[in-house]
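The values are calculated or read from the model by the stated rules, or taken from the named source; none is laboratory data. Values in this document were obtained by computation on a predicted structure and should not be read as measured data. Quick reminder, even Gly has a Cβ in these numbers, built from the backbone with ideal geometry, and neighbours come from all protein chains shown. The area values use the complete protein model at the heavy-atom level, side chains included, leaving out ligands, DNA and RNA. Shrake-Rupley method; radii C 1.70, N 1.55, O 1.52, S 1.80 Å.
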Amino acid sequence: MPIVHSEADYQAPIRLGDTFVVEVTCLKIGERSFTMAYVFSSKGKVLDKLLFVYKNIINTKIIIRTKYSIRILGNLAATI
């Protein structure tokens, strides 16, 4: 999925061998994109927060050829 926007809030380092939890949340589903949030934590302390906005892709060939996003039809976005 192409990322069209990203944000990062690094609050503490994560090192090789560290144990951590990743909480993944879908914040928004639109007609042409969707937004996901990722929160990394360890022992109840938030380490990092990431936010990505992804471009919806229904047919990769159409997207590559036209370079335009495709609108999700009907109530598909609400159902997802």
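In the range 28-57, the residue that is surrounded by the fewest Cβ atoms within 10 Å (Cβ to Cβ) out of those that are at pLDDT below 90 and among the basic types (Lys, Arg) is LYS28. Among (1) in contact with a strand residue (DSSP E or B) (Cβ under 9 Å, 6 or more places away or on another chain); (2) farther than 18 Å from ASN56 by Cα; (3) free of Cβ contacts under 8 Å to residues at least 40 places away in the same chain, which single condition is CYS26 missing? Going through the list (1) in contact with a strand residue (DSSP E or B) (Cβ under 9 Å, 6 or more places away or on another chain); (2) farther than 18 Å from ASN56 by Cα; (3) free of Cβ contacts under 8 Å to residues at least 40 places away in the same chain, CYS26 breaks only (2). Once the range 1-27 is narrowed to residues that are in a strand (DSSP E or B) and hydroxyl-bearing (Ser, Thr, Tyr), the residue that is least open to solvent (accessible area, probe 1.4 Å) is THR25.
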